[in-house]
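*Asks:* I am attaching a structure below and will ask some questions about it afterwards.
The values are calculated or read from the model by the stated rules, or taken from the named source; none is laboratory data. For clarity, every value in this text was computed on a predicted model and none was experimentally measured. Backbone-built Cβ (ideal geometry, glycine too); neighbour counts: all protein chains shown. Just so you know, the surface numbers come from the protein's heavy atoms only, side chains and all, with ligands and any DNA or RNA stripped out. Shrake-Rupley method; radii C 1.70, N 1.55, O 1.52, S 1.80 Å.
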Amino acid sequence: MEIRIPSRWPWLAAMAALAASSCDSTSSSSGPVPPSAPVPRITTLSNRADLISGGDALVEIVLPPGATAGTLHVTLGPPGKPEMAKDVSDRFTARDGGRLVGLVTGLAEGPNLLSADLGTGHGAFLKITNHNIGGPIFSGPHVAPFTCATPAGAVASDGAPTNPSGLSTAASGDGQCNIKTEVRLFYRTTATCNPLVNPDPVPFPMVAPAGACFKPYDPASQPADVAMATPDVGPPVPFIVRVERGTLNRGIYDIAVLFDPAKDDVQAGWKPVAPQAAWNGKVLYAFGASSGQPRQQFHSEVSWADATITTNAVALGKGFLVAVNSMTDSLFNDNRVLMTETVMMMKEKIIDSYGEVRYVMGNGCSGGSINQLTTASIFPGLLDGIQPTCTYPDSETTAIEVADCALLVNFYQSAKWAGLTTGLTPAQINDLKTAINGHLDQSGCHAWVNSFTNLGRPGNYIPTVVLDNTVGNTGPDPRVTAPINNCTLPNSMVYDPVTNKDGVRCTAQDNAVAIYGKVKDTNRAQSTTDNVGVQYGLKAFLTGKLSAEAFVALNENIGGVDGDDNFTSAAAGAHVPFARSQADVDALATVYRSGIVGDGRHWAQTPIIDLRGWDDRAIHHVWRSFALRARLDAANGNHANHIMWRYPAVLAAVQSPDPATFALTMQSFTMMDQWLTGMKADIMSTTQEARIAAARPLGASDFCNKPISATDATHSTRIIDFTVCDSDPALVPHASPRQIAGGPVAENVLKCQLRPVNRGDYPGMDDGQFDRLNAVFPDGVCDFTKPGVAQQPAVGPLDFSGGPGGVPLGAPPQQQPF
């Protein structure tokens with residue numbers, strides 16, 4: 001049957017011919033000769049045209065000089081099928097500067113052609129690739145099994161528990177855990193309330209917890225205690241918040257913003273081309289803490305109404321849109337590429353639904369700091385500015401310390417260590433441990449064992465913990481009476497080396513197997529854990545704190561772990577002398593190239609205010625912020641984008657009962673707002689780094705505060721001389737086991753290159769001890785003057801949809817003229 005092209009769209013025939021000839025929208029070498037007549041310029045505003053999700057995209061069309069919108073024709077259809085193209089011209093609205101902006105809906109999954117013409121026979125088309133809102137896009141195939149949330153929580157057909165979603169319907173059953181979006185209204189009460197009590201629509205229907213500062217709002221029955229908000233644009237407005245809850249990339253998200261229910265339909269919200277005036281166009285994205293790899297869908301651990309560390313409630317009142325998603329909470333998802341992809345999809349969702357964004361500011365503590373910094377490393381530009389608290393540069397290099405501490409604490413339980421320390425007091429023994437570990441005292445490694453070392457176990461287990469913080473003895477966690485697993489799946493589904501070799505493996509690498517790939521002929525994901533050549537306690541030996549005999553014996557017995565996270569040391573009773581942990585080189589290359597290991601060159605494109613609290617007897621050590629800075633300096637020769645505020649006695653400013661300490665969090669929020677506002681107004685600078693430097697506020701400088709217990713109880717005295725700060729035992733950075741072994745402060749060498757063992761490097765060591773040391777390191781010891789094995793600059797973002805290892809995304813698609 002002959003297809004007739006409507007006479008009013010003669011250009012469709014040309015477009016069809018181009019599509020049929022496989023003209024790719026990203027190609028610049030094989031396209032047609034550009035027409036002599038000027039054509040409209042098409043741009044997707046919400047995301048790159050090849051990374052769109054959810055079936056819609058906010059699009060801008062700029063007309064050539066002299067053209068008028070009245071002659072514009074815009075169509076959407078599948079490539080090569082002009083008869084199926086639909087006229088979407090009426091979606092576009094004139095905006096400032098002569099732009100035409102419209103939300104294009106109805107995108108099919110896969111490629112779509114959006115075309116614009118002025119009725120002259122000349123025009124342009126842009127290929128838009130749309131993906132399912134449940135993902136993935138560039139993170140590779142989702143892991144399975146994975147249990148979707150249910151309205152109130154239940155037990156799935158496979159026996160896996162489900163979490164309450166706070167939504168009234170179940171997932172669609174498509175494997176993506178997509179659940180229908182719902183909307184609620186809340187208001188800020190003028191009554192006395194507790195800002196730590198946050199509302200959440202779980203269980204459904206929504207119930208206001210006692211003492212909450214936000215309560216459900218019913219437009220038909222307006223309460224008398226509605227507070228007023230003061231946005232930074234426009235006049236004060238009633239503090240009413242529209243909260244949208246839905247699902248995206250298997251996570252459950254909340255998006256909250258000031259809303260006047262008299263101006264727009266509550267369920268539909270405003271149109272992205274006509275946002276309500278109280279929204280200032282800014283986004284505060286809050287990232288959740290901790291770390292984990294459960295195979296379950298959760299709603300976010302971060303509340304949109306939080307008024308403490310994330311300053312969400314304050315930001316809402318100033319007109320910010322606040323966003324959270326469980327897949328960007330480290331507790332629920334430690335696959336950093338999937339997490340970054342979720343940030344990208346959330347940003348697009350916000351732009352498509354609410355309108356163009358001025359900038360996105362991040363915040364979060366601990367695992368929330370990891371996710372901010374990793375997003376900025378993997379995909380620069382998704383976050384315009386970040387505020388890490390309790391900072392770690394990334395998860396891969398944090399794991400160096402976790403693994404080393406597990407080995408050291410295990411060694412300290414051995415008969416060999418007991419023999420080496422015979423006759424010493426507990427305090428003297430702990431002084432030796434401190435010298436080897438590099439921390440403030442022995443409790444730092446104990447905290448790692450008790451918090452995260454068990455996350456490396458692939459099967460069912462009873463956690464091993466330190467039972468006594470002074471002695472350091474370990475044993476089964478008395479609080480856990482039955483085996484658990486890190487997938488939160490039924491035990492019968494989980495890996496066992498004897499009874500269920502093909503079961504689900506529950507490590508962080510296995511949760512990101514699409515990124516790392518599997519070890520050949522195994523069911524195990526590749527790993528970056530490595531300590532080959534590491535000389536534990538080296539600096540302690542060279543400074544005389546550790547005897548030559550103790551140094552040699554430590555390295556003879558420290559061992560490593562195998563692919564199932566079992567100790568391979570003689571101290572653990574294994575039969576593999578001196579066996580160390582061995583990383584997979586392909587995995588090492590992947591985590592560096594992708595930016596999963598934080599890359600200083602990519603970080604330099606994002607302003608960072610680093611709120612460095614104190615937790616050196618636990619796991620959030622001060623030196624981590626200096627590791628971040630060291631990477632910036634090494635990559636760029638400066639750290640102009642990084643501000644560090646150090647304060648003692650508390651990990652996060654909001655944990656202090658003192659209002660002045662909490663004020664540090666608000667000061668960071670305000671300063672970052674100023675910094676980003678200045679950057680966006682800069683039309684003179686030619687690079688992102690120059691914009692960051694030019695817009696840096698006058699007060700944006702490093703400082704530290706003296707302890708609360710000292711003379712400055714309100715933290716009002718700011719010390720800018722870091723030599724003075726470092727002289728304070730409550731502020732000074734300590735080190736890590738790997739740094740005591742000679743590693744850099746940057747702590748970004750996952751596997752070291754080796755050099756021969758040199759007799760002259762070990763003063764005071766006798767020949768017998770040196771021969772034993774040579775036997776421990778037959779291939780040599782770490783040479784930390786060289787880059788690590790496979791260490792290289794990040795080239796991301798990488799696309800893992802074609803398999804582990806990834807390939808660069810390349811340049812964004814561009815329109816093609818016809």
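*Asks:* What distance in nm separates the two pseudo spin-label positions at residue 421 and residue 358, each 7 Å out from Cα along the beta-carbon direction?
*Replies:* 5.7 nm
*Asks:* What does the charge add up to near residue 187, with Lys and Arg as +1, Asp and Glu as -1, over the other residues with Cβ less than 10 Å from its Cβ?
*Replies:* Working: positive: 188, 215; negative: 218, 225.
Neighbourhood net charge equals 0.
*Asks:* Quick check for me: using +1 on Lys/Arg Cβ and -1 on Asp/Glu Cβ, what's the dipole size of the chain about its Cα centre, in debye to the nearest 20? Could you put the intermediate results ahead of the total?
*Replies:* Values: 57 positive and 74 negative charges, 202 e Å.
Once rounded to the nearest 20, the dipole reads 980 debye.
*Asks:* Kindly provide the helix-only [θ] at 222 nm of the chain, computed as the sum of -39,500 (n - 2.57) over DSSP H runs of four or more divided by all residues, to the nearest 500 deg cm²/dmol? The partial results should precede the final answer.
*Replies:* Details: 20 runs with 192 residues, N = 818.
One gets -7000 deg cm²/dmol as the mean residue ellipticity at 222 nm.
*Asks:* Based only on Cα atoms, what Rg/Rh ratio does the range 421-481 have, Rh being taken as Kirkwood's radius?
*Replies:* That ratio is 1.04, to two decimals.
*Asks:* Hey, can you grab everything whose amide H is under 5 Å from the amide H of residue 123? Only 5+ residues off in sequence or another chain; H modelled, so Pro and N-termini drop out.
*Replies:* Amide H to amide H, under 5 Å and 5 or more residues apart or across chains, residue 123 pairs with 818.
*Asks:* Using only the alpha carbons of the range 700-818, what is the convex hull's orientation-averaged projected area in square nanometres?
*Replies:* Values: hull surface 67.2 nm².
Result: a mean projected hull area of 16.8 nm².
*Asks:* Can you give the charge dipole size of the range 212-363 about its Cα centre, rounded to the nearest 20 debye, using +1 on the beta carbon of Lys and Arg and -1 on the beta carbon of Asp and Glu? All intermediate terms of the calculation are to be shown ahead of the outcome.
*Replies:* Working: 13 positive and 16 negative charges, 38 e Å.
Taking the Cα centre of the range 212-363 as origin, the dipole is about 180 debye.
*Asks:* Now for a different question. Suppose R0 equals 51 Å; then what is the FRET efficiency for residue 496 and residue 732 from their Cβ-Cβ distance, rounded to the nearest 0.05? Could the numbers behind the result be given before it?
*Replies:* Working: r = 46 Å, r/R0 = 0.90.
Given R0 = 51 Å and the Cβ-Cβ separation, E is 0.65.
*Asks:* What is the local net charge at residue 469, summed over the other residues whose Cβ is closer than 12 Å to its Cβ (Lys, Arg +1; Asp, Glu -1)? Each step should come with its number before you reach the end.
*Replies:* On the way: positive: 433, 617; negative: 441, 468.
With Lys, Arg at +1 and Asp, Glu at -1, the net is 0.
*Asks:* Does the range 394-439 come out rounded, prolate or oblate by the C-alpha gyration tensor, with a ≥ b ≥ c the root eigenvalues, rounded set by a/c under 1.5 and, if not, prolate when a/b is larger than b/c and oblate if not?
*Replies:* Working: a/c = 4.57, a/b = 2.06, b/c = 2.22.
Because a/c hits 1.5 or more and a/b fails to exceed b/c, the range 394-439 counts as oblate.
*Asks:* If you take every residue apart from residue 323 with its C-beta less than 9 Å away from the C-beta of residue 323, what net charge results, scoring Lys and Arg +1 and Asp and Glu -1? Before the final figure, lay out each step's value.
*Replies:* Details: positive: 347, 349; negative: 254.
Surrounding charge for residue 323 is +1.
*Asks:* Counting other Cβ atoms within 10 Å, keep those with at most 11, restrict to DSSP loop, and tell me which chymotrypsin sites (Phe, Trp or Tyr not before Pro) in the range 434-470 are left. Please list the in-between numbers first.
*Replies:* Details: sites: 448, 452, 461; in loops: 452.
Here no loop site has a sparse enough neighbourhood.
*Asks:* Residue separation times 0.36 nm, minus the C-alpha to C-alpha distance between residue 543 and residue 224: what's the value? Provide the component values of the computation, followed by the final result.
*Replies:* On the way: separation 319, 0.36 × 319 = 114.84 nm, distance 6.98 nm.
Going from the current span to full extension adds 107.9 nm.
*Asks:* Full extension from residue 470 to residue 94: what is 0.36 nm times the residue separation minus their Cα-Cα distance, to one decimal in nm?
*Replies:* Numbers: separation 376, 0.36 × 376 = 135.36 nm, distance 6.98 nm.
Contour length minus Cα-Cα distance gives 128.4 nm.
*Asks:* Still on this structure, please answer the following. Which shape class applies to the chain: rounded if a/c is under 1.5, otherwise prolate when a/b exceeds b/c and oblate if not, where a ≥ b ≥ c are the square roots of the Cα gyration tensor eigenvalues? Can you show the working numbers first?
*Replies:* Numbers: a/c = 1.83, a/b = 1.57, b/c = 1.17.
The shape class here is prolate.
*Asks:* Would you kindly derive the ³J(HN,Hα) couplings of the range 331-342 from the backbone phi angles with the Karplus curve 6.51 cos²θ - 1.76 cosθ + 1.60 (θ = phi - 60°), listing them in order in whole Hz, with x for Gly and Pro?
*Replies:* In residue order, the calculated couplings are 4, 9, 7, 9, 7, 6, 6, 4, 4, 5, 4, 5 Hz.
*Asks:* Based on the Cβ-Cβ distance from residue 562 to residue 68, what FRET efficiency comes out when R0 is 56 Å, to the nearest 0.05?
*Replies:* Numbers: r = 71 Å, r/R0 = 1.27.
Plugging the Cβ-Cβ distance into 1/(1 + (r/R0)^6) gives 0.20.
*Asks:* Choose one of 471, 333, 440: the residue whose Cα lies farthest towards the positive end of the charge dipole of the chain (beta-carbon charges +1 Lys, Arg; -1 Asp, Glu; about the Cα centre).
*Replies:* Farthest towards the positive end: 333.
*Asks:* Here's another thing I want to ask about it. To the nearest 0.05, what FRET efficiency results for residue 81 and residue 717 with a Förster distance of 51 Å applied to their C-beta separation? Let's see the in-between values first.
*Replies:* Values: r = 70 Å, r/R0 = 1.38.
FRET efficiency, residue 81 to residue 717: 0.15.
*Asks:* Of the options 88, 736, 323, report the single residue whose Cα projects farthest towards the positive end of the charge dipole of the chain (beta-carbon charges: Lys, Arg +1; Asp, Glu -1).
*Replies:* Looking along the dipole axis, the top candidate is 88.
*Asks:* To one decimal place, what Kirkwood hydrodynamic radius in Å is obtained for the range 406-512 from all pairs of distinct Cα atoms?
*Replies:* Numbers: mean 1/r = 0.0648 Å⁻¹.
By the Kirkwood definition, the hydrodynamic radius is 15.4 Å.
*Asks:* Out of the DSSP beta bridges found with both residues in the chain, what percent are antiparallel (nearest 5)? Please report the intermediate quantities before stating the final value.
*Replies:* On the way: 68 of 98 bridges.
That works out to approximately 70 percent antiparallel.
*Asks:* Let me ask you something else. In whole Å, how far is the Cα centre of the range 180-200 from that of the range 352-397?
*Replies:* Between the Cα centre of the range 180-200 and that of the range 352-397, the gap is 25 Å.
*Asks:* Oh, and also: Tell me which lysines have Cα within less than 20 Å of residue 127's Cα, excluding those fewer than 8 residues away on the same chain?
*Replies:* Hits, sequence-local ones excluded: 81, 86, 349.
*Asks:* Between the range 713-742 and the range 285-339, how many Å separate their Cα centres?
*Replies:* That distance is 30 Å.
*Asks:* Give me the 1.4 Å probe accessible area per residue for the chain, excluding ligands and nucleic acids, in Å². Intermediate values should be presented prior to the final figure.
*Replies:* Values: 30930 Å² over 818 residues.
Per residue, the chain has 38 Å² of solvent-accessible surface.
*Asks:* Among the lysines, which fall within straight-line cross-link reach of residue 501, defined as a Cα-Cα distance under 16 Å, with same-chain neighbours fewer than 8 residues apart omitted?
*Replies:* 518, 520
*Asks:* Leaving out ligands, DNA and RNA, what percent of the accessible area of the chain is carbon and sulfur, probe 1.4 Å?
*Replies:* Details: 17330 of 30930 Å².
Roughly 56 percent of what the probe reaches on the chain is carbon or sulfur.
*Asks:* What's the extension gain from residue 758 to residue 801 if we count 0.36 nm per residue and subtract their Cα-Cα distance? Spell out each step's value before the answer.
*Replies:* Details: separation 43, 0.36 × 43 = 15.48 nm, distance 4.64 nm.
This chain segment gains 10.8 nm when fully extended.
*Asks:* For the range 118-248, go through all pairs of different Cα atoms, get the mean of 1/r, take its inverse, and jot down that Kirkwood value in Å.
*Replies:* Working: mean 1/r = 0.0541 Å⁻¹.
18.5 Å is the Kirkwood radius here.
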